């Protein structure tokens, strides 16, 4: 695992926050689609937790916990509801304001809601056998 590759990814996160998501989760893929539609400046980059980029950046425990979304932004990682708040803040209005409201709620309460959804996501939204394949237009936004 070349350290220079991990360093390049950390540097990329300063201009393009990287969203790590469960690539086989129907809900998680819908969230990625939702972000792409609202990311007018095409800032976000994406990588499944099951991918090579995640192996370079995240710990084995973080990759094994596919019930969370992780964002690498400015070289720092954010998880669970903190990741959602960071994404909203970067999407601009009106989502930015929603991100500020979300951050005003104590993290323990936010994460209770986050974890409740995470527990039922496969039952409600399904699970694929393989990770999401980006469209040709989206390909440049996916790291692997």
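Every residue, every condition in (1) under 20 Å from residue 6 (Cα atoms); (2) within 17 Å of the chain's Cα centre (by Cα), yes or no:
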| position | (1), (2) |
| --- | --- |
| 39 | no, yes |
| 61 | yes, yes |
| 90 | no, yes |
| 102 | no, yes |
| 105 | no, no |
| 142 | yes, yes |
(request) Give the residue that is modelled with the highest pLDDT, with candidates limited to residues of the range 95-133 that are part of a loop (DSSP other than H, G, I, E, B) and under 23 Å from residue 13 (Cα atoms). (result) 133
(message) Here's a check for you: in the range 70-94, which residue that is part of a loop (DSSP other than H, G, I, E, B) and on the phi < 0 side of the Ramachandran plot is surrounded by the fewest Cβ atoms within 10 Å (Cβ to Cβ)?
(response) 93
(message) Taking the condition of being surrounded by fewer than 19 Cβ atoms within 10 Å (Cβ to Cβ) and part of a helix (DSSP H, G or I), how many residues in the range 32-43 meet it?
(response) 5
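The values are calculated or read from the model by the stated rules, or taken from the named source; none is laboratory data. Source: prediction; values computed, not measured. Glycine gets a Cβ as well: all are built from the backbone with ideal geometry, and neighbour counts include every protein chain shown.
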